[in-house]
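Beneath this line is the structure, given in structure tokens, with notes to follow.
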Amino acid sequence: MTYNQFYNDILTAHALHPRHANPGATPGLPLNPGVTPDFGQTRELLPGLDDDTRREKVNPGTTPGFEQQAAAEQVLTQIGVNASCGDRLQFWVSVDEDKVIKQITFAGEGCMISRASADIAAEILTGQKVAGAQTLIANFVAMIRGAASEAQMATLGEAVALADIQNSPARVKCATLAWHTLEQILTGVI
Amino acid sequence: MITDEISQDFPLLARQMELIYLDNAATTQKPHAVLAAEQEWYEADNANPARGLYDLSERASAAYEDARAAVAAFLGARAGELVFTRGATESLNLLAASVARAGLTKDDTVIVSRSSHHANFLPWRQVARDTEARLVAFEPDEHGQLTAEALAKIIDTRCKIVAVEAVSNVLGVVNDIASLAQVAHAAGARLVVDAAQLVGHRPVDFAASGADALVFSGHKMYGPMGIGGVLIRAGWQERLPVWQQGGEMIETVSWEQVTYKTGPAKWEAGTVNAAGAVGLAAATAYMRQLSWPAMVAREQELSDYLLAGLARVAGVAIVGTPEAGRRHGLVSFNIEGVHAHDVAAVLASEQIGVRAGHHCAAPLHQYLRIPASVRVSLSFYNSIGQIDKLLDVLASVRVRLGYDV
């Protein structure tokens, strides 16, 4: 396996020149703006209830990058973390009253694969209805597991540029971080 | 003098000549002598040590105790001070659990270095939480060093334990254990040293070190996986209560009462890893035969060459001090704008194995405000040619990944 199997042009273009990066957000910003991480303290977190992965609704008017989306019915945000490698990406998703995804943005730290995958996910899922987006996420995860049918692959557009990751088990979690985080955000849409 | 030919002593390296193995801080490769000793144990001496009364079992017991004496001597300790464990992680869990049982209270303090490996940080953090003892972080200075001055500022007589590493597995900086021991002892505290990254790279003299306990892993010093140990100073060992209980660590057992063995045996419940101990002893014999001056000179030469080379690669930021004199052949760094995992992936495509991530030292990376780093860690069996190849590939990483140079 060589790096260029999955560090292809589509992947590097999305990683280096993302279209959906949130310009107003600080990488690694905690969910509660105004509170900077205190590295002098050790927080006790309940298993599975890490603050980092808490989902919350935010006020579109005060969310960076969402000023023009004030009409959206809801904006949800969540941070996805790959604890073992330090990937930490925050996503914001706005959904209108018809449950159509109007905008997805992200910010944070991560390797090229996780950032490219985030940008591609934002690209592909924007404009989808929530249910349709959930299907596409399932198709993507199937592809990364090497279990996608041709019909599923056909729905994934540019995301097929990440298909080779299935041959690199250590990088699977990089590729799926965005999709799993967005999946969790979408379960919070009401 | 050690030359590039030394890699022929290591079957894996001899078989995979293309591989450039630069992840020696994670585990070292094993010389033929170690593999042969383990095999010979199973073919000639395998019985459960300290149990049977027949010849084979007595031979097994003797081989195990000979291994203990050899490994202890290699580390400047007496055989009675060496408890065999699975490795540094089990050793630190043993110490933390035993110290807690010995009576850690909410009036006590445990000081742990910020640059600790999780294996040192987490057991102490846990017993501090369990006993409500105060957990205090010991911050490295701007060079990444744990200094006696900094320790003196945070320690007082409530401190029971100071837990540090001899060499940080991220920073590669060598800490002066003797000076830290002086400060700890002046406050009445015990000094626990994680020497996992020191053993196998520099001589260890436990007797002279001042440490009250010192832990290590055999697999990081050319020995097998699953064997390592903890040296506990005589005088403290007797006062620490037992940890795991089971076969062979007892003197007498009745329904009403138990008395325990003394010395290392009281810590070695159940069947021991005798083959591992024999293999580890063979590793120490192998290193003795190479000699410390030769091993240290070779690693220093490679380490100086690596640091000088990294300084010439555009965009490389070394974590911790770049001063060669303060550190081992273990260097963590980042390339500007590139995530550590992407750097490692490019290196992997050229058969170069390095570690990328937080190296089981997440609090240190948070403290340094970097998400991850790339770590190159050397052994005497690496070569200048391999480092040249590493430097060439590193210089091309940004271009290969599509960045504007």
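Restricting to segment B:370-391, name every residue that is part of a loop (DSSP other than H, G, I, E, B) and either within 11 Å of chain A (Cβ to nearest Cβ) or of a type in the set (Ser, Thr, Tyr) (or both). Give the steps one after another, and end with the answer.
Filtering segment B:370-391 down to residues part of a loop (DSSP other than H, G, I, E, B) leaves B:370-372, B:378-383.
Matches in segment B:370-391: B:Ile370, B:Pro371, B:Ala372, B:Ser379, B:Tyr381, B:Ser383.
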Of the conditions (1) more than 24 Å from the chain's Cα centre (by Cα); (2) surrounded by fewer than 19 Cβ atoms within 10 Å (Cβ to Cβ), B:Thr271 fails just one. Which one is it? (1)
Of these, B:Asp212, B:Asp194, which one is within 18 Å of the chain's Cα centre (by Cα) and free of Cβ contacts under 8 Å to residues at least 40 places away in the same chain? B:Asp212
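Determine whether A:Val75 is β-branched (Val, Ile, Thr), in contact with a Phe, Trp or Tyr (Cβ under 9 Å, 6 or more places away or on another chain) and modelled with pLDDT of 50 or more.
On the way: β-branched (Val, Ile, Thr): yes; in contact with a Phe, Trp or Tyr (Cβ under 9 Å, 6 or more places away or on another chain): yes; modelled with pLDDT of 50 or more: yes.
Criteria met by A:Val75.
Being open to solvent by 50 Å² or more (accessible area, probe 1.4 Å), touching a Leu at 6+ places or on another chain (Cβ under 8 Å) and not polar (S, T, N, Q) narrows it down to one residue among B:Arg288, B:Arg312, B:Arg327; which is it?
Details: B:Arg288 fails: touching a Leu at 6+ places or on another chain (Cβ under 8 Å); B:Arg327 fails: open to solvent by 50 Å² or more (accessible area, probe 1.4 Å).
The conditions single out B:Arg312.
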Looking across segment A:138-184 at residues that are of a type in the set (Lys, Arg) and within 20 Å of A:Ala15 (Cα to Cα), the single one that is least open to solvent (accessible area, probe 1.4 Å) is A:Arg171
Could you tell me whether B:Asp304 is farther than 20 Å from B:Gly172 by Cα, assigned to a helix (DSSP H, G or I) and of a type in the set (Asp, Glu)? no
Output the number of residues of segment B:300-345 satisfying the condition of being within 14 Å of chain A (Cβ to nearest Cβ) and among the aliphatic types (A, V, I, L, M). 7
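Out of curiosity, is A:Ala83 touching a Phe, Trp or Tyr at 6+ places or on another chain (Cβ under 9 Å), modelled with pLDDT under 95 and surrounded by fewer than 23 Cβ atoms within 10 Å (Cβ to Cβ)? If you could, list the steps in order and put the result at the bottom.
Numbers: touching a Phe, Trp or Tyr at 6+ places or on another chain (Cβ under 9 Å): no; modelled with pLDDT under 95: yes; surrounded by fewer than 23 Cβ atoms within 10 Å (Cβ to Cβ): yes.
Here the answer is no, as A:Ala83 does not meet what is asked.
How many residues are at the interface with chain A (Cβ under 7 Å from one of its Cβ atoms) and farther than 28 Å from B:Ala137 by Cβ if we restrict to segment B:349-363? Show your work before the answer.
So the first thing to find is which residues in segment B:349-363 are at the interface with chain A (Cβ under 7 Å from one of its Cβ atoms), and the list is B:349, B:357-358.
Now restrict to residues that are farther than 28 Å from B:Ala137 by Cβ: B:349.
Total satisfying the criteria: 1.
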Conditions (1) closer than 16 Å to B:Ala274 by Cβ; (2) among the hydrophobic types (A, V, I, L, M, F, W, C); (3) in contact with a Phe, Trp or Tyr (Cβ under 6 Å, 6 or more places away or on another chain); (4) assigned to a helix (DSSP H, G or I) -> B:Ala97 fails only (1)
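Can you tell me which residue is surrounded by the fewest Cβ atoms within 10 Å (Cβ to Cβ) among those in segment B:357-391 that are of a type in the set (Phe, Trp, Tyr) and under 25 Å from B:Met295 (Cβ atoms)?
B:Tyr381
Could you please let me know if B:Arg190 is modelled with pLDDT under 95 and assigned by TED's automatic domain parsing to the domain that holds B:Leu151?
On the way: modelled with pLDDT under 95: no; assigned by TED's automatic domain parsing to the domain that holds B:Leu151: yes.
Against the criterion (modelled with pLDDT under 95 and assigned by TED's automatic domain parsing to the domain that holds B:Leu151), B:Arg190 does not qualify.
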(1) out of contact with any helix residue (DSSP H, G or I) (no Cβ under 8 Å at 6 or more places or on another chain); (2) part of a strand (DSSP E or B); (3) not β-branched (Val, Ile, Thr): which one isn't true of B:Tyr367, the others all being true? (2)
State all residues of segment B:111-148 that are touching a strand residue (DSSP E or B) at 6+ places or on another chain (Cβ under 7 Å), farther than 22 Å from B:Ser217 by Cβ and among the polar types (S, T, N, Q); if no residue qualifies, say none. B:Gln145
When only residues in segment B:350-405 that are within 18 Å of the chain's Cα centre (by Cα) and among the polar types (S, T, N, Q) count, which is farthest from B:Asn169 (Cα to Cα)? B:Ser379
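Check segment B:392-404 and report whether any residue there is part of a loop (DSSP other than H, G, I, E, B), touching a Lys or Arg at 6+ places or on another chain (Cβ under 7 Å) and either surrounded by 16 or more Cβ atoms within 10 Å (Cβ to Cβ) or at the interface with chain A (Cβ under 9 Å from one of its Cβ atoms) (or both). It would help to see each step written out before you state the result.
So in segment B:392-404, the residues part of a loop (DSSP other than H, G, I, E, B) come out as B:401-404.
Applying the additional criterion that residues be touching a Lys or Arg at 6+ places or on another chain (Cβ under 7 Å) yields none.
The answer is no, given that none of the residues of segment B:392-404 is part of a loop (DSSP other than H, G, I, E, B), touching a Lys or Arg at 6+ places or on another chain (Cβ under 7 Å) and either surrounded by 16 or more Cβ atoms within 10 Å (Cβ to Cβ) or at the interface with chain A (Cβ under 9 Å from one of its Cβ atoms) (or both).
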Those residues of segment B:205-229 that are open to solvent by 30 Å² or more (accessible area, probe 1.4 Å) and assigned to a helix (DSSP H, G or I) come to a total of 4
If you check A:Thr135, A:Thr126, which single one turns out to be open to solvent by less than 60 Å² (accessible area, probe 1.4 Å) and more than 14 Å from chain B (Cβ to nearest Cβ)? A:Thr126
Since B:Thr105 meets every condition but one in (1) assigned to a loop (DSSP other than H, G, I, E, B); (2) open to solvent by 40 Å² or more (accessible area, probe 1.4 Å); (3) within 14 Å of another protein chain (Cβ to nearest Cβ), which condition does it not meet? (3)
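The values are calculated or read from the model by the stated rules, or taken from the named source; none is laboratory data. Keep in mind that this is a model prediction, so the values were computed, not measured. Heads up, the Cβs are rebuilt from the backbone with ideal geometry, glycines too, and the neighbour counts pull from every protein chain shown. Please note that ligands, DNA and RNA were not included when accessible areas were found on the heavy atoms of the full protein model with its side chains. Shrake-Rupley method; radii C 1.70, N 1.55, O 1.52, S 1.80 Å.
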